[in-house]
Amino acid sequence: MSSKNKFGFTDLGPAADNPRRERSVGPMGAAVRDTAVNLKETTEAKVVQRRQNAEDAKAFREAQAEGRVLTALPLSQIATDELPRDRMDLDAVAGSDEMEELKASIRERGQKEPIEVYVGADGQYQLKKGWRRLTALSQLFAETGSDDFARVVARIETGQGDRLDRYIDMVEENVVREDLSFAEMAQVAITAASDEGVGHGDADALVGRLYASLHKMKRSYIRSFVYLLTELGSDLRWPKDISRNLGVDVARLLKSGQGDVDKLRRDLATVTGREDQARALAAFVKSAAAPTARRAADAPREKFEFHHGDLKVTARRGECRIVSPMDFTKVPRPVLDRAIRAFEAELGRMKPE
C-alpha cells in the first residue's frame, strides 16, 4: 500500500529526523518583556508606597489633632495679650539673672522645649505656655538680629479649647517646677474669676480647679492669699515677696475681723521696700494677736490634764479625776483614807483666791 494519503502527503517520519524549530526572542520582544516586568514591579512598589503614604498621613493627622506636631513659627506671629500671664512683675522677670541664664542656654544649645500656642478669636496665634522661652528668643533676636532666633518651636493647640483649661495649662508647668509664689498662684485665680470667658466668678472655688493636682493644704494656703489680695489689693506693692506663714496669718486675722485694718493700710502706704512691707504685716499680726492672747490667758480654763507616772489626772471645777492601772478596789480602806487626807491637807495649804 502506498504511504501517501488521498491528499498526496507523505509521512514525515520519526521526530528525530525532523527537529523542532527553535524560536529565539528578538531585540524588540526582549524589550517588551523587560518593560512588562519593570512595569509590574513599579506598580507593586507604587501600591506599597501609596499604602504607606496613607498610613503616614493618618498618623500625622492624629498627631496634629493631639497636639504632638511641632512647628517653627516667626516670633512676629505670636501675641501674648489674650491670656493673662501667671507671673507678677513681668518686667523684673524679663531682666533677671535667670533670664540671662536661659538666653545663654538657648544661644549655646538652641531651644530645647517648645512653647504652646492657640489660635485666638482674631485668628492670630496666642501664647498659652512658655512666656520665658518666647521672651528669651525675642531678646536674643533683638540683640543679634540673627535668623537663628527669629523663629520659635511651638506646639499648636487644635480645635476649640476651653478657656479655663488654658489657664490650667498655663500654670501647670510652673507649679510642677514650684516656680510660682503663693501670691502669683492666687492672682491667677482672681484673674480667671473675672474673665468672662471662664464663666466662673468665684476665685476661691477656682483654686480647686486650677490647682487640683496640689495637696489640699497647699490649696488652702492659696485660698488665704486669694483673700489677702482681694482685701488689701493695691495696698500690697510686693505681694509675691510675702512669705507663706505671714500671708496666711494676716488673711486669718482679716477674715476674723481682728486687728486695726485701717492702720495696716496706712502703714503699707508708707513702706519703701519689701522689708518694710514685711515688717508692717508682721506688726499687724503681733498687735492683733496680743489681745487674743491676753483674753485666752485671763479666761478660766474648763479643765486641764497631766500625767504623773502611770497616773492620768484630769482637773475640772469641783472635780479631780485620777485614772490609774491600779485596781483601787483591792486597796485597803484605811490606806485610801490616809491618801485622801494627805491630798486634802496639801490642797488646804493653798491661799484662797
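The values are calculated or read from the model by the stated rules, or taken from the named source; none is laboratory data. Computed from a predicted structure; not experimentally measured. For neighbour counting, all protein chains shown are included, and Cβ atoms are generated from backbone atoms with ideal geometry for every residue, glycine included.
Scanning region 204-253 for residues that are at pLDDT 90 or above and assigned to a loop (DSSP other than H, G, I, E, B) yields a count of 5.
Filtered by the rule that a residue be surrounded by 14 or more Cβ atoms within 10 Å (Cβ to Cβ), under 27 Å from Val207 (Cα atoms) and not β-branched (Val, Ile, Thr), region 135-164 gives Arg155, Glu157, Gly161, Arg163, Leu164. Identify all residues within region 67-99 that are polar (S, T, N, Q) and touching a residue at least 12 places away in the same chain (Cβ under 8 Å); write none if there are none. Result: Thr71, Gln77, Thr80.
Condition check ((1) of a type outside the set (D, E, K, R); (2) surrounded by fewer than 11 Cβ atoms within 10 Å (Cβ to Cβ); (3) within 19 Å of Ser234 (Cα to Cα); (4) modelled with pLDDT of 85 or more) across all residues:
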{"residue": "Lys255", "(1), (2), (3), (4)": "no, no, yes, yes"}
{"residue": "Asp260", "(1), (2), (3), (4)": "no, no, yes, yes"}
{"residue": "Arg294", "(1), (2), (3), (4)": "no, yes, no, no"}
{"residue": "His308", "(1), (2), (3), (4)": "yes, yes, no, no"}
{"residue": "Leu311", "(1), (2), (3), (4)": "yes, no, no, no"}
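Scanning region 196-203 turns up at least one residue that is modelled with pLDDT of 85 or more, more than 24 Å from Lys103 (Cα to Cα) and surrounded by fewer than 17 Cβ atoms within 10 Å (Cβ to Cβ). Whether a residue is assigned to a helix (DSSP H, G or I) and either modelled with pLDDT under 90 or in contact with a Lys or Arg (Cβ under 7 Å, 6 or more places away or on another chain) (or both) was assessed, and Leu134 does not pass this test.
Can you name every residue in region 273-292 that is surrounded by fewer than 18 Cβ atoms within 10 Å (Cβ to Cβ) and within 34 Å of the chain's Cα centre (by Cα)? Within region 273-292, Gly273, Arg274, Glu275, Asp276, Ala278, Arg279, Ala282 meet the criteria. Are any of the residues in region 156-172 of a type in the set (Gly, Ala, Ser) and either in a strand (DSSP E or B) or at pLDDT 85 or above (or both)? No: region 156-172 contains no residue that is of a type in the set (Gly, Ala, Ser) and either in a strand (DSSP E or B) or at pLDDT 85 or above (or both).
Quick grid of which residues meet (1) modelled with pLDDT under 85; (2) among the acidic types (Asp, Glu); (3) more than 30 Å from Leu236 (Cα to Cα):
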| residue | (1), (2), (3) |
| --- | --- |
| Leu83 | yes, no, no |
| Asp91 | yes, yes, no |
| Gly95 | no, no, no |
| Ser105 | no, no, yes |
| Tyr118 | no, no, yes |
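In region 86-102, the residue that is surrounded by the fewest Cβ atoms within 10 Å (Cβ to Cβ) out of those that are small (Gly, Ala, Ser) and assigned to a helix (DSSP H, G or I) is Ala92. Leu83 meets all of the listed conditions (1) buried (at least 16 other Cβ atoms within 10 Å of the Cβ); (2) more than 22 Å from Gly197 (Cβ to Cβ); (3) within 22 Å of the chain's Cα centre (by Cα) but one, namely (2).
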